[in-house]
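First comes the structure, then the notes that go with it.
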Amino acid sequence: MALTAISPLTEIDGRNLYYTFIAGGNRVIASQAELNRINVFPVNDGDTGTNLASTISSVIETLHPDRNYKITAGRIAEAALIHARGNSGIIFAQFLYGLSLETTGVATVNLRQFAESVQRAVRYVYEAVSNPVEGTMLTVIKEWAEYLNASWHKFTDFNLFLLSSLDVLRKSLSETTSKLK
């Protein structure tokens, strides 16, 4: 039996976004205890992971994808804004809202469009907080966006592109407490 090559995923549509959101969301939900443990700002109240997981769970439960990327992004953002819980849920919902507004594609987005819309969505996160502090969730989102925007041109496949960004996310997360200002 011959192996067949899998074509690179050069564009994503609403269904790709939906399933990617569910996969990532389930990882956050599974990691909520760890997120609670590492939360130290603005207070070490141990609910960041719980609030983020609750927000994401509600989005997953209410979400109905469309093949159109922009429509699905809008539905994800709307559900997150309605069901946001706690500071972390509100911040994440604002990121998703910014992403939905800043998406330049309609039915599908390519790597460049995705990276650029993520970069532009960062502004919504910072504007959602009255006194943004580095070394928090804001920094992790910002550094991820910067990586995506600086490296999208090196990839031809969304899966490899997003997988490559995990190291940036992990590094940024591990450095949050040393960056707190």
Checklist entry - When you look at Gly98, is it surrounded by fewer than 19 Cβ atoms within 10 Å (Cβ to Cβ) and touching a Lys or Arg at 6+ places or on another chain (Cβ under 7 Å), yes or no? => result no
Checklist entry - Got a number for residues in region 134-161 being assigned to a helix (DSSP H, G or I), buried (at least 18 other Cβ atoms within 10 Å of the Cβ), in contact (Cβ under 8 Å) with a residue 24 or more places away in the chain and of a type outside the set (D, E, K, R)? => result 12
Next on the checklist: Anything in region 123-133 that is in a helix (DSSP H, G or I) and over 17 Å from Thr176 (Cα atoms)? List them, or say none.
Outcome noted: Arg123, Tyr124, Glu127
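When residues of region 162-181 are filtered for being assigned to a helix (DSSP H, G or I) and surrounded by 12 or more Cβ atoms within 10 Å (Cβ to Cβ), how many remain?
11
Read the figures in this text as sums done on the coordinates, not as results from a lab. Note that the structure is predicted; figures quoted are calculated from it, not measured. Counting neighbours? That spans all protein chains shown, and the Cβs are built from the backbone with ideal geometry, glycine included.
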